[in-house]
Each structure stands twice: as C-alpha cells, then as structure tokens.
1. Once the piece of chain linking Thr83 and Leu130 is laid out straight, how much longer is it, given 0.36 nm per residue of separation minus the C-alpha distance between them?
2. Using a Gaussian network for the chain with springs between C-alpha atoms less than 10 Å apart, which of these wobbles most: Leu68, Leu139, Leu12?
3. For the chain, list log₁₀ I(q)/I(0) at each q in 0.16 Å⁻¹, using the Debye formula over Cα point scatterers of equal strength and ignoring solvent, two decimals each.
4. Determine ³J(HN,Hα), in whole Hz, for all residues of segment 24-32 in sequence, where each value follows from phi through the Karplus function 6.51 cos²θ - 1.76 cosθ + 1.60 and θ = phi - 60°; x replaces Gly and Pro.
5. Where the accessible area of segment 1-150 is counted over protein heavy atoms with a 1.4 Å probe, how much of it, in %, is carbon and sulfur?
6. So what J values fall out for segment 109-126 if you push phi through Karplus, 6.51 cos²θ - 1.76 cosθ + 1.60 with θ = phi - 60°, rounded to Hz, Gly and Pro as x?
7. For segment 70-155, what is the per residue volume of the convex hull drawn over the alpha-carbon atoms, in cubic angstrom?
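The values are calculated or read from the model by the stated rules, or taken from the named source; none is laboratory data. All of these numbers come straight from a predicted model, not from anything done at the bench. The area values use the complete protein model at the heavy-atom level, side chains included, leaving out ligands, DNA and RNA. Shrake-Rupley method; radii C 1.70, N 1.55, O 1.52, S 1.80 Å.
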Amino acid sequence: MHKSSSSCKGKLILKIHSKIEKLLEFVKFSVVGIINTAIDFAVFFVCYSILHFDSSFSQIFGYTAGMLNSFLMNKRWTFEDRTKGRKVLLKAVKFGFTNVVSLLLSIGVIKLSKLYLSNSILIAKILATLCAQGVNYILYKFWVFTKVEVKDESV
C-alpha cells in the first residue's frame, strides 16, 4: 500500500506541476501580448491620427510591428522554443500565416464594429485585438510553437 500511496502522490505532484507550467505559459503570453498591443496601438494611432492613413492601412502597420515583436518574444520566452535553422523558417512561415489570418479578422472586426456597434475607433481596435489574440494563442500553442515529444526508450 505504501508504494501505491507514494505513486499517487507523485502523479498528483506531476499533475499540479503541469498545471502550473500551463498557467505560467499563459501569463507569459499575456505579458508579451500587452507589450505587442502597446506597440500595435502606438503605431496604429500614429498612422491613423497623425499621418491620417486609412484605418485598414493603420491596422496593417500597427499589427505588423506588434507581430514582429511577438514572434521574437513568444519563440524565446513564452514557448521556450529553441529550434534553429530551417525549422525556424517553417515556424516563421506558420507564424506569418497565423498572423495574416488574425490581421484579416481584426480588419473585419474593426469595420463591423464601427458599422454596427460604435463609431469609436478605440472600441473597434480593442475588440479587434481581443479577437486576434484569442486566435493567435490557440494557433501559436498548438501549431506554430509545438514542442516535439521525445519518447523514452529506456523502458
């Protein structure tokens, strides 16, 4: 009985550790997201309010600036991805594709929000950012920065 009791405790500790790691990863993603959002918003509002670009072009420039920061920080810090060489190129392509999808989604949300919800560009931008970040987290975690499982063959 003692052996199964310690086995259960070990499994519980591993399960708790796994949950904490997932939570920490999400917190890191959120911190990176805040930084990316600040970059995105700053570039967006400079383009839109100072340079008087169209909201779609402003969104493209702001989103791209945040996206570049996002790739670097999420790869190294959030998902602790250490791949190099050609595999990084593949991940960059996946990352770019994910962000093109999110960018198109965010432009659509801005247009629809301004048309149906509020004429406020700030509200539209916030809604677009929230939608894009949800899509990004799911695709980054499960498609772009997937961790390769190493099988234990010592058994």
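1. Working: separation 47, 0.36 × 47 = 16.92 nm, distance 2.86 nm.
Full extension from Thr83 to Leu130 adds 14.1 nm.
2. Leu12
3. -0.91
4. So the J values, rounded to whole Hz, are 4, 4, 5, 4, 4, 4, 5, 5, 4.
5. Details: 7200 of 9730 Å².
Its accessible area is 74 percent carbon and sulfur atoms.
6. In residue order, the calculated couplings are 5, 4, 4, 5, 5, 5, 6, 10, 9, 7, 7, 6, 5, 5, 4, 4, 5, 5 Hz.
7. Numbers: hull volume 8.9 nm³, N = 86.
Dividing the Cα hull volume of segment 70-155 by its residue count gives 104 Å³.
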